[in-house]
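The values are calculated or read from the model by the stated rules, or taken from the named source; none is laboratory data. As the structure is a prediction and not an experimental result, all values here were calculated from the model. All Cβ positions, even for glycine, are placed from backbone atoms using ideal geometry, and neighbour counts span all protein chains on display. Calculation scope for accessible area: heavy atoms of the full protein, side chains included, ligands and nucleic acids excluded. Shrake-Rupley method; radii C 1.70, N 1.55, O 1.52, S 1.80 Å.
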Amino acid sequence: MNPLHIPTLETERLVLRPFAIADGPRVQQLAGDRRVAEMTSQIPHPYPDRMAEIWIASHPMLWRNRKLAPFAVTLRGSGELIGAISLRLFAQGPRAELGYWIGVPYWNRGYATEAAREVLRFGFEDLDLQGIQATHLLNNPASGRVMEKLGMRYEGIIRQGVIRNGRLLDIADYSIPAGNFRPYLRVA
Ligand SMILES: CC(C)(COP(=O)(O)OP(=O)(O)OC[C@H]1O[C@@H](n2cnc3c(N)ncnc32)[C@H](O)[C@@H]1OP(=O)(O)O)[C@@H](O)C(=O)NCCC(=O)NCCS
């Protein structure tokens, strides 16, 4: 593992690679869709110009300081950027929070699950994490389904666990310890 450079990961259909500044307009287009932004705590709507480029420019330093492992989700054949996935690494120990979004035209084809399964593998095997957690808004069952398909366990509701547009919202909390991760698990 090169501590200076974000690696590139591959799955059957996807290449998870570092973002480039040139990805900015595409990120703005896909993440700027209300249906994506409103399910996240961090993505504003409307999505301001240049915000994606500023976010992407912050990645190398965040990676080097072991704070974030961010990846552009791209299609293996065409190279199209279809989403983003990351591990936010906790300062206090070998744990991280998984986060992701996929552009609306690409929903329900298994891409989030495929990307996240590889990022969990990367977190446990390459970063030596002991546990990974993830949360979703209660009105986002698709994200909960992704977590289930990864073998993550539902831990419960965190009341008023996130602030979105100045409002405190309840979230569902999931986690998986390193020992429970099965890279080839397929949940029916
Ligand atoms: C959540 C999200 C990442 C899922 O991406 P995706 O590539 O469509 O995910 P997958 O195809 O791997 O899996 C989606 C699963 O949710 C299911 N699903 C979709 N809509 C659903 C709904 N309304 N209720 C219940 N399940 C639903 C799908 O059927 C699929 O499950 P299946 O394989 O058992 O059929 C995508 O919808 C997204 O980016 N949403 C907006 C941003 C977001 O929510 N990010 C996560 C924040 S926690």
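Condition check ((1) at pLDDT below 95; (2) within 16 Å of the ligand (Cβ to nearest atom); (3) more than 14 Å from the chain's Cα centre (by Cα)) across all residues:
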residue	(1), (2), (3)
8	no, no, yes
16	no, yes, no
29	no, yes, yes
35	no, yes, yes
39	no, yes, no
42	yes, yes, no
50	no, no, yes
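Report whether or not residue 184 is out of contact with any His (no Cβ under 8 Å at 6 or more places or on another chain), open to solvent by 50 Å² or more (accessible area, probe 1.4 Å) and either more than 24 Å from residue 17 (Cβ to Cβ) or in a strand (DSSP E or B) (or both). Steps first, please.
Numbers: out of contact with any His (no Cβ under 8 Å at 6 or more places or on another chain): yes; open to solvent by 50 Å² or more (accessible area, probe 1.4 Å): yes; either more than 24 Å from residue 17 (Cβ to Cβ) or in a strand (DSSP E or B) (or both): no.
So residue 184 fails the test.
Counting just the residues of region 87-118 that are more than 12 Å from residue 133 (Cα to Cα) and assigned to a strand (DSSP E or B), which one comes out most open to solvent (accessible area, probe 1.4 Å)?
Restricting to residues being more than 12 Å from residue 133 (Cα to Cα) and assigned to a strand (DSSP E or B), the top hit is 100.
Quick one: what pairs do we get from region 15-43, first residue farther than 13 Å from residue 84 by Cβ and open to solvent by less than 20 Å² (accessible area, probe 1.4 Å), second assigned to a loop (DSSP other than H, G, I, E, B) and at pLDDT below 95, C-beta under 9 Å, 6+ apart or different chains?
none
Does region 94-103 contain any residue that is within 14 Å of the ligand (Cβ to nearest atom), within 18 Å of residue 38 (Cβ to Cβ) and β-branched (Val, Ile, Thr)?
Checked against the condition, which is being within 14 Å of the ligand (Cβ to nearest atom), within 18 Å of residue 38 (Cβ to Cβ) and β-branched (Val, Ile, Thr), region 94-103 yields at least one hit.
Which one of these is within 25 Å of residue 3 (Cα to Cα) and not hydroxyl-bearing (Ser, Thr, Tyr): 120, 75? Spell out the reasoning first.
On the way: 75 fails: within 25 Å of residue 3 (Cα to Cα).
Only one candidate qualifies: 120.
Taking the condition of being of a type in the set (Phe, Trp, Tyr) and crowded, with 16+ Cβ neighbours inside 10 Å, how many residues in region 119-154 meet it?
Residues of region 119-154 that are of a type in the set (Phe, Trp, Tyr), as a first pass: 122, 124, 154.
Remaining after also requiring crowded, with 16+ Cβ neighbours inside 10 Å: 122, 124.
Of the residues in that region, 2 qualify.
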